[in-house]
Structures are given as C-alpha cells and as structure tokens.
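Some notes on the structure that comes next.
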Amino acid sequence: LAMVHPDDLDRFLKARAEELAGHAQPPIEYRLTRLDGVERIVRRESAVSFDAEKRPLRLFGTLQDITERKRAEIELLQSRESMSRAQQIANMGSFDHDLQTGRITWSDQMYTILGLEKGEIAPSPDVTLSYVHPDDRDGFLATKALAAAPNCAAYEFRIISGYGKQPLLLSELHLHFGDG
C-alpha cells in the first residue's frame, strides 16, 4: 500500500474492499511509486475466492505496467486537442476519406464550417457534394478525380452552409498510398 500514489489510494482501497465484500470489480488503473522513486501506471485485475461462509480465502490477480501506453494516449489526446484548436483559430476543417472502406470522418471544424452540429449528419460523398454550390460542383468533382494521382489537387469553390452563407473554400486533396 505504501507504493500506491496518495491521490489514488482511496480509489484503490475502495475497490479492494468491494472485492473482499464479494462484489466483483472491473480492472483498476492507478499509479505506483517504486522504491527507486520512479512512478509507473499499472492496471490491476483481481478476484477473490471465498469459503462456504462467504469469508474471503484468497485474493489473486495480475498487475500490468501500462505506463508507456498511457503516456502515448495522453500525447495523442493532446495532439488532437492542439490540432482542433489550430483548425478552429484558422477556420480550417479537415476530412479523411478511406477509399477502401468508404469511411469518411470530418474534424469538428468541418462541421462548424458547414453549419452543422457534430454528429448531426454522417459524412459521405453525397452529403459533401450537397453543400457545394451548384455552379461549382463540376469543378469540384473534376478536382476530386485529379486527386487519384500521387500529387496534390486544389480547387476553390463555394459552399452553401447551414447558416445560409456562401463562403469561398479552398480544398486541397492529398492521396496517401498505404504500405502495400
């Protein structure tokens, strides 16, 4: 117990008390401070066996060091938040269209530019095209076709946003070729 980080000790003790009382608990993640002073993040999964009178007999489980994974998750989250803030400041949205699966994702700012709430509509080629000004659709589609080449295609076009505005957008398309 002396190794459990003080900020995590109450949560750790509560989970263990619930286990010993016969209430199954999900895995718990908490910080440990090793004897050499190094702090690690661990995932603990455990279970208790009981005797016929429901008294705890044995506590057994596993402890896995997940420090590097948690650090990578935090870095990824911070990177995503930074990208989102930068897109908001620049009023720039982004999208990702997986040409093999057809799955399209939009950044939060893409929804904002189109005058939509995030998740209000599922991104698709037809939905995207429906926001392109009718006079600009042929050029938009021609530029999309050019993006199949291993270079960048750019096209300026107007959209009809959910706000009723017709802002001019610059779209740059980059095709990414996978590893195989």
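The values are calculated or read from the model by the stated rules, or taken from the named source; none is laboratory data. Keep in mind the model is a prediction, meaning the values are calculated, not measured. Glycine gets a Cβ as well: all are built from the backbone with ideal geometry, and neighbour counts include every protein chain shown. Just so you know, the surface numbers come from the protein's heavy atoms only, side chains and all, with ligands and any DNA or RNA stripped out. Shrake-Rupley method; radii C 1.70, N 1.55, O 1.52, S 1.80 Å.
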### Residues (over 18 Å from residue 70 (Cα atoms) and open to solvent by less than 40 Å² (accessible area, probe 1.4 Å)) located in the range 13-46
15, 19, 46
### Query
Looking at the range 123-169, which of its residues are open to solvent by less than 70 Å² (accessible area, probe 1.4 Å), modelled with pLDDT of 85 or more and either of a type in the set (D, E, K, R) or in a loop (DSSP other than H, G, I, E, B) (or both)?
123, 124, 133, 136
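Yes/no per residue for (1) part of a helix (DSSP H, G or I); (2) open to solvent by less than 90 Å² (accessible area, probe 1.4 Å):
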| site | (1), (2) |
| --- | --- |
| 2 | no, no |
| 49 | no, yes |
| 53 | no, no |
| 57 | no, no |
| 71 | yes, no |
### Query
Looking at residue 8, is it open to solvent by 70 Å² or more (accessible area, probe 1.4 Å), at pLDDT 95 or above and within 30 Å of the chain's Cα centre (by Cα)?
no
### Selection count where residues are under 19 Å from residue 4 (Cβ atoms) and either free of Cβ contacts under 8 Å to residues at least 40 places away in the same chain or touching a Cys at 6+ places or on another chain (Cβ under 8 Å) (or both), scope the range 50-72
8
### Query
Quick check, is residue 84 in contact (Cβ under 8 Å) with a residue 12 or more places away in the chain, in contact with a strand residue (DSSP E or B) (Cβ under 8 Å, 6 or more places away or on another chain) and of a type in the set (S, T, N, Q)?
no
